[in-house]
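The values are calculated or read from the model by the stated rules, or taken from the named source; none is laboratory data. Quick caveat, the model's predicted, so the values are computed rather than measured. Don't worry about glycine lacking a Cβ; one is built from the backbone with ideal geometry, like all the others, and counts go over all protein chains shown. Heavy atoms of the whole protein, side chains included, go into the accessibility calculation; ligands, DNA and RNA do not. Shrake-Rupley method; radii C 1.70, N 1.55, O 1.52, S 1.80 Å.
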Amino acid sequence: MNESIHKKLNMKIAVIGLGYVGLPLARLFATKYPVVGFDINQKRIQELRSGTDSTLELTDETLQTVLVTENPFHCHPELVSGSQGLYCSSDFADINDANYYIVTVPTPVDKNNRPDLTPLYKASETVGKVLKKGDIVIYESTVYPGATEEECIPVLERISGLKFNEDFFAGYSPERINPGDKEHTVEKILKVTAGSTPEIGQKVNDLYKSVITAGTHLAPTIKVAEAAKVIENSQRDINIAFVNELAKIFNLMDIDTHAVLEAAGTKWNFLPFKPGLVGGHCIGVDPYYLAQRAQEFGYHPEIILAGRRLNDSMGEYVASQVVKLMIKKGITVNGASLLMLGITFKENCPDVRNTKIVDVISALTDYGISITIYDPWANPAEVKHEYGLICHAELVSASKFDSVVLGVAHQEFIDLDFESLQKENSVLFDVKGILNKGVDGRL
């Protein structure tokens, strides 16, 4: 048996967390290796076992191509072709035999914008229960520099009774998934990797390099890889905050912000950012992780937090602009009807996590406006559970509104007949700046 096949047979991968990040990664690894995808959400496991992904990151055909009905860890070692595939489970006994554990759980912030590592702690406890000598635990969740070794590793040691960098090892490879993006899929995005020792770093890098066609970058330490990830999204957040501030300034001057950006964009090194609502589980969250860590070292990060404050204020700002336009048109604000087009955090994606559209809705509701939400991508039950809001998956064509707000640039909205949705004297506000005519206002 040649060395490459022997090496393949010895790799048994468990992916902990089967959401937007974990499932595409598990699917990719399952094309070459035996993989068990673990998630505590039994409903999610049942859905995946049936061959369907409600996040729409994988098509049914793509998912079903790698799904297996039996744990591939238990296949006979001589059966190379039978050893690969993805088995989904909510029973942690099914990940007992793995030797690579990849943690892909979310890392949110709490209501006070403080990092909440609870999912990471719980995932580490789960892995700790099955950890064995020689195993490698790789974290993909976005954290502040130092979190893997200072927060997660002690949990693994405490639960397993094993010693770090003697009995077991760790790696870090930050996720770079872009929900809803069918062009930049996981294998096409260059992957940063790192390990707790130089040798482990090379092993982690080799593992990812075997499936990531875009290539890998081996960072010298786990902290460097953690820092690299958290500044990627912090940089975008700050750049978007800058153009959001420009939008506020130019609106006061009655200047079209998008026309300004288009003109400035003719210079080769001008960065093409646009104003908008900054939500989702990355850009709107990750800067808080870096900010808190900086403050623990006695440094107050002024630019990072200023960018966060400005971007977090945009929901209320959009609402105020809509209300001003309504008043100018003589529309009675209190009791007016408004159609909100979209509630997901980005276009052509069902993800409603940390969507800032809810900030716009909350502010408009405070003015006494009656709001109808229409989003063909969002799951109404999830919207109700997360935000207590009623979302319609279909639009009643006979309805007309005092105001229509294009909040998310879903493909279905671009070709809508907006006039059929508006009363004779109504407001059309374009948050995304994609409509060319009939618009009363936009960012």
Let me spell it out: the conditions are (1) open to solvent by 70 Å² or more (accessible area, probe 1.4 Å); (2) modelled with pLDDT of 95 or more; (3) touching a strand residue (DSSP E or B) at 6+ places or on another chain (Cβ under 7 Å), and Tyr367 meets all of them except one. Which number is the exception? (3)
Among the candidates Gln422, Gln411, residue that is more than 21 Å from Tyr317 (Cβ to Cβ), surrounded by fewer than 21 Cβ atoms within 10 Å (Cβ to Cβ) and either of a type in the set (A, V, I, L, M, F, W, C) or without any contact (Cβ under 8 Å) to a residue 40 or more places away in the chain (or both): Gln422
Residue among Ile45, Ile40, Ile16 that is among the β-branched types (Val, Ile, Thr), modelled with pLDDT of 95 or more and touching a helix residue (DSSP H, G or I) at 6+ places or on another chain (Cβ under 7 Å): Ile16
Suppose the filter is assigned to a loop (DSSP other than H, G, I, E, B) and of a type in the set (A, V, I, L, M); does Ile249 pass it? no
Is it fair to say Val143 is within 22 Å of the chain's Cα centre (by Cα) and open to solvent by less than 10 Å² (accessible area, probe 1.4 Å)? yes
Would you mention how many residues in the stretch 280-315 are crowded, with 16+ Cβ neighbours inside 10 Å and among the acidic types (Asp, Glu)? 2
So, in the stretch 316-358, of the ones that are of a type in the set (D, E, K, R) and closer than 30 Å to Val109 by Cα, which residue ends up least open to solvent (accessible area, probe 1.4 Å)? Asp351
Restricted to the stretch 188-235 and to residues being out of contact with any strand residue (DSSP E or B) (no Cβ under 8 Å at 6 or more places or on another chain) and open to solvent by less than 40 Å² (accessible area, probe 1.4 Å), the residue modelled with the lowest pLDDT is Asn233
Any idea how many residues of the stretch 96-140 are touching an Asp or Glu at 6+ places or on another chain (Cβ under 7 Å), surrounded by fewer than 23 Cβ atoms within 10 Å (Cβ to Cβ) and polar (S, T, N, Q)? 1
Matching residues, the stretch 208-220, being touching a Phe, Trp or Tyr at 6+ places or on another chain (Cβ under 9 Å) and more than 23 Å from Lys12 (Cβ to Cβ): Ala219
Can you find even one residue in the stretch 303-314 that is over 30 Å from Glu382 (Cβ atoms) and polar (S, T, N, Q)? no
Tell me, yes or no, whether the stretch 151-166 has at least one residue that is assigned to a loop (DSSP other than H, G, I, E, B) and under 26 Å from the mean Cα position of the chain (by Cα). no
Quick one: in the stretch 406-423, of everything that is closer than 15 Å to Thr372 by Cβ and under 24 Å from the mean Cα position of the chain (by Cα), which residue is modelled with the lowest pLDDT? Phe413
Residue in the stretch 241-248 that is open to solvent by less than 20 Å² (accessible area, probe 1.4 Å) and of a type in the set (Phe, Trp, Tyr) present: no
